[in-house]
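FYI, it's all coordinate maths here, none of it is from the lab. These figures come from a predicted structure and were not determined experimentally. Neighbour counts are summed over all protein chains in view; Cβ atoms, including those assigned to glycine, are modelled from backbone coordinates with ideal geometry.
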Amino acid sequence: MWKNTIKTAKGLALEQKFLNGDITLKITKAVAGAGRVDPNQLFNQAEVSKPFQNLELGAISRPREDRSVILPIKLQNTGLQERHTLQQIGIYAEDPIIGEILYIISQISDENGRGIPSWEESPSYVMQWNFSISSSNTEQVQVTVDQAGLLSADEGDARYVLQRSLLEMTYPVGAIYMSVLSTNPATLFGGSWERIARGAAVIGVDESDMTINAAEKSVGKNSISLTPGQMPAHTHASAAHTHSFTLYAWNMTSNTGGRGLIGSITSGGDSPSARSVSSTTPGETGSSGSGSPLDVRQLSLSVYIWKRTA
């Protein structure tokens, strides 16, 4: 993570005074920055780029038979009003002639940096690193430490390891995280995550259903168009109407001995016998509907869904 870590030009000049035995090396503070520079420019950097948070220095330790000191540095987001991207950490020291200078500058190797959530997003967010400072005279290295609320290096490491263990226990690779915030859970818990199920609901695996018999199968649609076979059985009511007409009949006998085609009236005179007949026919129904797709989504709450990938 901190591959680009070097002593600055002023830092080397200060260290030379220290190695000559002229001074005691006094580490005064550490600062987090959101800015980034070309790695070749780190040597000449005089201040952390875009500082956003002072870090806490822990008490140094001196490993046996090792010409170095271990300096714990802790970042916590107490009072942080907005999210920041951590890119640099600067360690400052006291020069007896020119005052406080940037002694060591460290820049994250990943250009995307590391997201630091605001207090509102993730209260009590904490990260801690142990920086090793080489020195031929470790007894002459001092650190200005505000002891209030600080962890020892061992305690800090234990907490960080515990945080990683909780991640593995709570969100192992393949686990799902849901939130109404768009924050990538990598900035909260670590690991690698990807957004999934955009615009889709979540359904449980059912081994007896071939469409959802394994995880991460995609099924269903937001809307459908009904076919006639999918419509429920139904009838259409219509208004009936009546046709009326009159039939006329005559009583006739043939005057041609049964051979003629034209008969003559034998009775009843020329007055026809009238009879009325009526017929009722169902009316025809008009068309209705537009064929527009039917929204079949269930009542839902939209959230951000992430899956841990590494």
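The modelled label-to-label distance for the pair residue 82/residue 212, using points 7 Å beyond Cα in the direction of Cβ, is 4.2 nm.
Each label was represented as a point 7 Å from its Cα along the Cα-to-Cβ direction; for residue 44 and residue 202 these points are 5.3 nm apart. Length available on full extension from residue 28 to residue 13: 0.36 nm per residue minus the Cα-Cα distance, which gives 3.7 nm.
When 234, 84 are arranged by Cβ crowding within 10 Å, least crowded first, meaning fewest neighbours, the order is 234, 84. If you plug the beta carbon distance of residue 120 and residue 233 into 1/(1 + (r/R0)^6) with R0 = 41 Å, you get a FRET efficiency near 0.10.
Pairs 10/50; 7/50; 29/50; 74/307; 17/50: which are spaced more than 21 Å apart, C-alpha to C-alpha? Long pairs (Cα-Cα over 21 Å): 74/307; 17/50.
Karplus-derived 3J(HN,Hα) values for the range 88-105, using 6.51 cos²θ - 1.76 cosθ + 1.60 with θ = phi - 60°, are 9, 10, x, 10, 9, 9, 8, 9, x, 9, 9, x, 6, 10, 6, 8, 10, 10 Hz; glycine and proline are entered as x. Tell me whether the range 37-89 comes out rounded, prolate or oblate; compute the Cα gyration tensor, take square roots of the eigenvalues as a ≥ b ≥ c, and use a/c under 1.5 as the rounded threshold. Oblate, since a/c reaches 1.5 and b/c is not below a/b. Put in line by how crowded their Cβ is, counting other Cβ atoms within 10 Å and starting with the fewest, 306, 119 read 119, 306.
The listed peptides 39-49, 69-79, ordered by packing as a protection proxy, come out as 69-79, 39-49 (highest mean of other Cβ atoms within 10 Å first). The phi-based Karplus calculation (6.51 cos²θ - 1.76 cosθ + 1.60; θ = phi - 60°) puts the 3J(HN,Hα) values of the range 115-121 at x, 10, x, 5, 4, 5, 5 Hz, whole numbers, x for Gly and Pro.
Once you reduce the range 67-111 and the range 28-57 to the center of their Cα atoms, the two points are 6 Å from each other. Local charge for residue 175 was computed over the other residues whose Cβ lies under 11 Å away, with Lys and Arg +1 and Asp and Glu -1, and equals +1.
Working from label points 7 Å from Cα in the Cα-to-Cβ sense, the residue 37 to residue 301 distance is 4.8 nm.
Rank by packing, highest mean first: peptides 25-31, 191-197, 208-214, with packing defined as the count of other Cβ atoms within 10 Å averaged across residues. Display every interim value, and only then the final one.
Numbers: 25-31: 20.0, 191-197: 14.9, 208-214: 10.6.
In descending order of packing, they fall as 25-31, 191-197, 208-214.
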